[in-house]
Amino acid sequence: MILDDISLKLQAGKAKEVKVLVQQAIDEGVPVEDILNKGLLHGMGIVGEKFKNNEVFVPEVLVSARAMNIGASLLKPLMAEAGVEAKGKAILGTVKGDLHDIGKNLVKMMLEGKGLEVIDLGTDVSPEAFVQAAKDNNCSIICCSALLTTTMGVMADVVKAFEDAGMRDQVKIMIGGAPVTEAFCQQIGADIYTPDATSCANAAVSLCN
Ligand code: B1M
């Protein structure tokens, strides 16, 4: 089945073949969410398990990540609802010390798909940079991603940075990423935890409404 092939080629880091297969799946009318979840993310999940067990190493993970990004880029235009006016805007970044951006990029894709303008600060973003971007763009939705247990604490620093800037009541701080939980969100005084890109985008739209 084509979704299994996408997953296998992604695990093998074959970006060109992933691209061809994703396009083929689109042309065959396979639902975009299935291509993403049962193809690309399924493959990336297996790579993640192998990475954890020292069965693959950083170079292999990077080529799979590249294949993931190329495949996902084909899905992006299909996720955007045609002709949707921007409903609001959000600032997005992976927190300081953390270079993981695949999940963040998916969050961006989903937010844009729901009609939000996204100011993407990239990875390794300091708490001060989130505050500055909120000021510069007059933006009240702040989305922080973290993939490491060693960097998720920076999200607490982001909350504090907005407090110190006297802006805490003007922004909603949304957090997510594999190690992040609802309990952690409450513990650090952030506003909204969501477990995946789709629920993050839905929550952001609710805030805009
Ligand atoms: Co890294 N890495 N990594 N890594 N890496 C993990 C996270 C790890 C769990 C692997 C493992 O050991 N099992 C582990 C963390 C362990 C821990 O913290 N306790 C780990 C480690 C240790 C490291 C290094 C320290 C390894 C080293 O150098 N020794 C290093 C750190 C570098 C740094 O950041 N400073 C490192 C490096 C890398 C690569 C560069 C090789 C590469 C990143 C490439 C890139 O992003 N451009 C990489 C990758 C790819 C992974 C794994 C394999 C996959 C992560 C991923 O992209 N998943 C990961 C293992 C795993 O997660 N199984 C691992 C797919 C992505 C779609 O999921 O990002 O979780 P995710 O996003 C999800 C949700 O979390 C959510 O939405 C997405 C799906 O819908 N979400 C949000 C994300 N952000 C959100 C924000 C929201 C809401 C939802 O609201 C704002």
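The values are calculated or read from the model by the stated rules, or taken from the named source; none is laboratory data. Predicted, not measured: the structure shown is a model, and the values here were computed from it. Positions of Cβ are generated from backbone atoms using ideal geometry, with glycine treated the same way; all protein chains shown enter the neighbour counts.
Matching residues to (1) touching a Lys or Arg at 6+ places or on another chain (Cβ under 8 Å); (2) near the ligand (Cβ under 8 Å from one of its atoms):
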{"residue": "Val107", "(1), (2)": "no, yes"}
{"residue": "Phe130", "(1), (2)": "no, no"}
{"residue": "Ile141", "(1), (2)": "yes, no"}
{"residue": "Ser145", "(1), (2)": "yes, yes"}
{"residue": "Glu163", "(1), (2)": "no, no"}
{"residue": "Arg168", "(1), (2)": "no, no"}
{"residue": "Gln187", "(1), (2)": "no, no"}
{"residue": "Ile192", "(1), (2)": "yes, yes"}
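What number of residues within region 102-120 satisfy the criterion of being part of a loop (DSSP other than H, G, I, E, B) and surrounded by fewer than 20 Cβ atoms within 10 Å (Cβ to Cβ)?
Within region 102-120, the subset part of a loop (DSSP other than H, G, I, E, B) is 114-115.
Those left that are additionally surrounded by fewer than 20 Cβ atoms within 10 Å (Cβ to Cβ): 115.
Adding up the residues that qualify gives 1.
Kindly establish whether Thr181 is more than 26 Å from Val32 (Cα to Cα) and either away from the ligand (no atom under 13 Å from the Cβ) or not acidic (Asp, Glu) (or both). If you could, list the steps in order and put the result at the bottom.
Details: more than 26 Å from Val32 (Cα to Cα): yes; either away from the ligand (no atom under 13 Å from the Cβ) or not acidic (Asp, Glu) (or both): yes.
When the stated conditions are applied, Thr181 passes them.
Looking at Ala67, Ala90 in this structure, which one is within 19 Å of the chain's Cα centre (by Cα) and touching a residue at least 60 places away in the same chain (Cβ under 8 Å)? Write out each step before concluding.
On the way: Ala67 fails: touching a residue at least 60 places away in the same chain (Cβ under 8 Å).
Exactly one of Ala67, Ala90 is within 19 Å of the chain's Cα centre (by Cα) and touching a residue at least 60 places away in the same chain (Cβ under 8 Å), namely Ala90.
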Being touching a helix residue (DSSP H, G or I) at 6+ places or on another chain (Cβ under 9 Å) and within 14 Å of the ligand (Cβ to nearest atom) is the filter here, so list the residues in region 114-125 that pass it. Lys114, Leu116, Val118, Ile119, Asp120, Leu121, Gly122, Thr123, Val125
Region 3-98: helices (runs of 4 or more DSSP H) wholly inside it with 3 or more residues that are under 26 Å from Leu148 (Cα atoms), outside the structural domain of Gln170 (by TED's automatic domain parsing) and out of contact with any Cys (no Cβ under 7 Å at 6 or more places or on another chain) are 41-52, 58-79
